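Notes follow once the structure below has been shown.
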Ligand SMILES: O=C(O)CCC(=O)C(=O)O
Ligand SMILES: [Fe+2]
């Protein structure tokens with residue numbers, strides 16, 4: 001089959017409705033690399049539903065592109081490169097992109113991501129990959145016009161539908177996938193998103209003082225600042241707080257803080273943003289010891305390449321990736337690095353502030369966000385900036401997905417802020433029970449017992465479910481299930497009803513899989529897939545017990561969420577074959593047992609109060 005060799009064969013498309021900062025950055029990066037994208041939908045209202053964080057309105061993007069390709073229908077050598085606009089930048093020119101694309105031997109290539117979204121239940125249908133990310137991401141793709149059209153025209157799609165789901169269905173249809181030679185860029189050789197950058201930029205911008213998610217962030221954050229100043233304020237020589245209500249723009253507030261530092265005759269200026277989680281308590285001393293004019297600790301989003309510094313810079317002052325960027329970001333190389341940009345946390349020697357007044361050295365810029373503006377001024381003044389990863393200092397918090405409209409929003413942060421999540425929700429003894437020398441407890445034969453969730457974890461789950469409130473009837477008919485029938489029904493709420501199914505699967509993979517491997521040697525080490533996942537509520541006057549049954553699982557996990565003898569009386573789980581019951585269950589402790597054949601079991605009578613457990617049928 002013909003392979004296009006010419007950059008002029010590549011048609012670049014994006015969809016953007018307005019000139020958000022992310023869009024301007026996208027265009028700048030394109031311009032820098034000589035790329036001229038066709039922008040679809042500009043000036044129109046975004047056809048999105050309520051879910052602004054995700055990709056709703058994606059169907060519209062498909063329909064726009066379909067229409068835009070009509071004139072090219074017969075140009076079979078042309079290649080379409082489609083990307084989202086607000087969270088994408090180009091880091092390679094079209095020639096490099098084209099060459100990489102040709103190497104994949106795909107006729108259609110999509111970006112890949114580590115999570116199966118929006119329907120985690122499709123995960124097992126994906127081909128396994130040895131290396132890299134397994135699941136389709138619809139934010140970036142490219143392919144030859146005929147195959148792209150086949151994909152776009154495979155089914156009709158509503159403007160408000162989810163494009164990722166649409167493309168996922170095409171990909172999971174094996175015959176179709178082979179027919180159009182559709183592949184994923186598993187190792188991100190071509191497609192690397194910079195997730196949610198527009199949110200970072202909008203966070204404190206002046207236009208956004210009312211409504212919208214930024215407002216939530218500001219409110220959420222001010223409580224923490226208040227607590228901090230109340231608790232620790234007296235330990236400082238002076239404290240001055242500028243609140244969101246003051247209406248001060250971010251760059252202005254940052255300028256004022258430099259002036260404040262000078263007014264107090266400071267030696268050094270140390271800036272720490274709310275997204276910088278400094279976990280090394282020697283950070284300030286270590287940075288001062290570097291004896292530099294401007295130095296910051298390297299901070300990354302845990303496990304990601306996203307960091308607070310740039311390895312290189314494009315001509316108009318935006319991000320570019322240096323050869324050694326990833327080695328530094330992943331601590332393969334350690335040291336003190338001269339870099340063109342550092343944000344979020346840095347130390348400035350006051351001699352610099354004395355040398356240049358606020359007219360020259362400030363955070364103000366028309367086009368750049370304040371940290372970028374400041375660094376660009378430092379570059380103009382030939383002040384070298386250094387970032388250190390000589391030791392670990394901390395990490396970056398990711399606010400992009402923080403959704404205060406959720407009950408227990410922190411519970412939903414398991415993907416984006418896993419360190420914080422773990423600290424908050426994983427049992428403090430979890431790790432020690434995983435040690436090779438630790439012998440697992442077995443209250444009944446082949447029923448294993450470990451601490452996994454913290455008190456916050458158990459309380460949050462109960463709160464999520466009780467706030468949602470739509471407990472099932474406990475009857476056999478259950479329209480949440482495929483067959484509409486449950487043989488041994490519990491009164492419960494499924495994780496997916498509170499949008500927690502993908503998070504729960506991640507929890508299973510990260511925290512339950514290691515326990516499974518310790519309990520059942522030689523059983524699969526693939527990512528657990530479980531269905532259903534649900535919280536059960538037992539009460540004497542509702543459902544008080546569960547009759548003997550097998551589970552439709554290879555193994556079942558059963559985590560107690562509250563305290564027998566305090567919150568309820570009775571209850572527990574009895575394994576009939578062994579005439580053995582676990583009645584002294586402990587909140588946050590998980591029981592893991594085979595689901596079928598040997599472990600016929602029942603839920604014992606709750607005689608008083610309310611008993612909650614969370615149950616997953618793993619590998620049904
Ligand atoms: O009440 C229990 O601990 C057992 C629950 C159970 O077996 C189930 O939900 O399948
Ligand atoms: Fe069961």
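We did not get these values from a lab; they are worked out from the coordinates using the rules stated. Source: prediction; values computed, not measured. Cβ coordinates were reconstructed from backbone atoms using ideal geometry, including for glycine residues, and neighbour counts include every protein chain displayed.
Label-point separation (nm) for residue 579 and residue 312, each offset 7 Å from Cα along Cα-to-Cβ?
The two pseudo-label positions are separated by 7.5 nm.
What is the chain by shape, rounded, prolate or oblate, if you read a ≥ b ≥ c off the alpha carbon gyration tensor as root eigenvalues and call it rounded for a/c under 1.5, prolate for a/b larger than b/c, and oblate otherwise?
Oblate, because a/c is 1.5 or more while a/b does not exceed b/c.
Does segment 527-620 classify as rounded, prolate or oblate by the C-alpha gyration tensor (a ≥ b ≥ c root eigenvalues; a/c under 1.5 gives rounded; else a/b over b/c gives prolate, otherwise oblate)?
prolate
Using a 10 Å cut-off on Cβ atoms, rank the peptides 322-329, 601-608 from the highest mean neighbour count down.
601-608, 322-329
Once you sort the root eigenvalues of the Cα gyration tensor of segment 7-185 as a ≥ b ≥ c, which label holds: rounded (a/c under 1.5), prolate (a/b larger than b/c) or oblate (the other case)?
rounded
Ranked by Cβ crowding within 10 angstrom, fewest neighbours first, how are 235, 510 ordered?
Lowest count first: 235, 510.
For Cα pairs less than 8 Å apart in space and 6+ apart in sequence, what is the mean separation divided by the residue count of segment 502-620, i.e. the relative contact order in percent?
Once divided by the residue count of segment 502-620, the mean separation gives 39 percent.
Could you please state, rounded to a whole Å, how far the C-alpha centre of segment 439-457 is from the C-alpha centre of segment 580-620?
11 Å
Which order do 549, 521 fall in if you start with the one that has the fewest other Cβ atoms within 10 Å?
Fewest-to-most ranking of 549, 521: 521, 549.
For n ≥ 4 DSSP H runs only, could you compute -39500 (n - 2.57) per run for the chain, divide by its residues and tell me the 222 nm figure to the nearest 500?
Mean residue ellipticity, 222 nm, calculated: -8000 deg cm²/dmol.
Calculate, for residue 248 and residue 281, the FRET efficiency according to 1/(1 + (r/R0)^6) with r their C-beta to C-beta distance and R0 35 Å; round to the nearest 0.05.
0.70
Among 150, 470, rank each residue by its count of other Cβ atoms within 10 Å, from fewest to most, as a rough exposure measure.
Lowest count first: 470, 150.
Can you tell me the relative contact order of the chain? Whole percent, Cα pairs under 8 Å, sequence separation 6 or more.
Over the chain, the number comes to 10 percent.
At a Förster distance of 25 Å, what's the computed FRET efficiency of residue 268 paired with residue 239, Cβ-Cβ distance as r, to 0.05?
0.90
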